[in-house]
Amino acid sequence: MAAARHSTLDFSLGATADGETILKGLQPIFRAQGMSESVHTWPAHGCLATYTNENGSFASLRIYPHGLVLLDIQSSDGDAQGSKELDSLLNKVEERMKELSQPRAPRVKRLPPIVRGGAVDRYWPTADGRLVEYDIDEVLYEEDSPYQNIKILHSKQFGNVLILSGDVNLAESDGAYTRAIMGGGNEDYAGKDVLILGGGDGGILCEVVKLKPKMVTMVEIDQMVIDACKKFMRKACGEVLDHLQGDCYRVLVADCIPVLKRYAQEGRMFDYVINDLTAVPISTSPEEDSTWEFLRLILDLSMKVLKHDGKYFTQGNCVNLTEALALYEEQLGRLYCPVGFSKEIVCVPSYLELWVFYTVWKTTKP
């Protein structure tokens, strides 16, 4: 797949920029590349010069009167010779700009090039809206299920990474996530009844089974997630997804809401409920966002099947989303029964941000 390479070079001159001097000083560099020039000027807003080449590459040079000079270059990616020529061009522009700004050297910022439209997408937003470039080098799996888009990509640093509908869910290196959503290593699962909501990657199920529970029931709606993860996420799930039932666990491929309602009607109770369905919504309008309605329903139903001395574990969201997290904690005060809660902040490797995890328990005796 053809891709475009977008390179940037920024200069902060720290003084009023003389656009005409800068243009004249840089023109020979672009002309040597066979690029034609077009210039637009505004008396109070500086100037913009564009340079185009017969091979389709182009550059824009924006000079602001307050001393900011921005160079953007777009060209085809994958051509080794073209990449060398582009790097040479950027080096020449940088050296010439240092000469033009004497005696005071400019502050220079050259970012790694952004590759757009490539076969491997390396860019994913964090929960708090920052753009992160991952070291993704291979697409192992991508399919659309009836519920979501499923991708499993390989990262040199984090191993295989599960991405659901554009959200990074779990990498093989994310043991910190799994430990945190199980109580941070402080719980005794031996001989206990455990309910996992979601968790189709199998990471939580794999770790709980090692702790010799009485029975673990996992309810995951998407069979395609299970099938993809048992093939490509084995460092996280081990062998537990090879079969939907084992000595001390079973996996139900179903919507968890009717399952929870049925368990509540039957009086089925669990020592631990682990909700790995979704993060706290980023929306700060809980009365309007359907995800908040889903979250509240899951909370209420989970409390109905949680033993009075049991614990409910779930992820929150990025620690920077303080308003959304505060709204979640507000919802905890509106459940059908009074609850207490605590939270832990954990660095999840592949998320590249600090993540909040909650423990919730009932505060009234039966």
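The values are calculated or read from the model by the stated rules, or taken from the named source; none is laboratory data. Treat the numbers as computed from the prediction; the structure is a model and nothing was measured. Cβ atoms come from the backbone with ideal geometry, glycine included; neighbour counts cover every protein chain shown.
Odds and ends about this structure:
- The residue that is surrounded by the most Cβ atoms within 10 Å (Cβ to Cβ), among those in the range 288-342 that are within 25 Å of the chain's Cα centre (by Cα) and of a type in the set (V, I, T), is T314.
- Considering residues of the range 32-47 that are under 11 Å from P65 (Cα atoms) and within 40 Å of the chain's Cα centre (by Cα) only, the residue surrounded by the fewest Cβ atoms within 10 Å (Cβ to Cβ): H45
- The single residue among D167, D137, D128, D144 that is modelled with pLDDT of 95 or more and not polar (S, T, N, Q) turns out to be D144.
- Picking from residues in the range 183-223 that are surrounded by 24 or more Cβ atoms within 10 Å (Cβ to Cβ) and β-branched (V, I, T), the one that is nearest to A127 (Cα to Cα) is I204.
- When residues of the range 315-342 are limited to those that are out of contact with any Leu (no Cβ under 8 Å at 6 or more places or on another chain) and within 17 Å of L260 (Cβ to Cβ), the one modelled with the lowest pLDDT: Y336
- Filter pass, K311 being outside any strand (DSSP E or B) and among the basic types (K, R): no
- Taken as a whole, the structure places A180 among residues that are surrounded by 14 or more Cβ atoms within 10 Å (Cβ to Cβ), in the same structural domain as D255 (by TED's automatic domain parsing) and either in a loop (DSSP other than H, G, I, E, B) or out of contact with any Leu (no Cβ under 6 Å at 6 or more places or on another chain) (or both).
- Residue check, D174 surrounded by 18 or more Cβ atoms within 10 Å (Cβ to Cβ), touching a strand residue (DSSP E or B) at 6+ places or on another chain (Cβ under 8 Å) and within 30 Å of W361 (Cα to Cα): yes
- All positions within the range 135-157 that are surrounded by 12 or more Cβ atoms within 10 Å (Cβ to Cβ) and either of a type in the set (K, R) or assigned by TED's automatic domain parsing to the domain that holds A228 (or both): K151
- Flag: S350 matches the condition of being modelled with pLDDT of 95 or more, small (G, A, S), within 28 Å of Q157 (Cα to Cα) and in a helix (DSSP H, G or I).
- From the list L61, L90, L71, L100, the one residue that fits, being farther than 30 Å from L354 by Cβ, modelled with pLDDT under 90 and crowded, with 16+ Cβ neighbours inside 10 Å, is L100.
- Qualifying residue in the range 224-245 (condition: of a type in the set (S, T, N, Q), surrounded by 17 or more Cβ atoms within 10 Å (Cβ to Cβ) and modelled with pLDDT of 95 or more): no
- Matching entry among I345, I274 (being modelled with pLDDT of 95 or more, buried (at least 16 other Cβ atoms within 10 Å of the Cβ) and either out of contact with any Leu (no Cβ under 7 Å at 6 or more places or on another chain) or not basic (K, R) (or both)): I274
- Sole exception among (1) within 17 Å of L352 (Cβ to Cβ); (2) at pLDDT 95 or above; (3) in a loop (DSSP other than H, G, I, E, B) for E187, by number: (1)
- Check on I29, in contact (Cβ under 8 Å) with a residue 40 or more places away in the chain, over 16 Å from G67 (Cβ atoms), surrounded by 13 or more Cβ atoms within 10 Å (Cβ to Cβ) and not basic (K, R): yes
- The set of residues in the range 52-106 being assigned to a strand (DSSP E or B) and among the charged types (D, E, K, R) consists of R62, D72.
- The range 158-171, residues that are without any contact (Cβ under 8 Å) to a residue 60 or more places away in the chain and surrounded by 17 or more Cβ atoms within 10 Å (Cβ to Cβ): I163, N169
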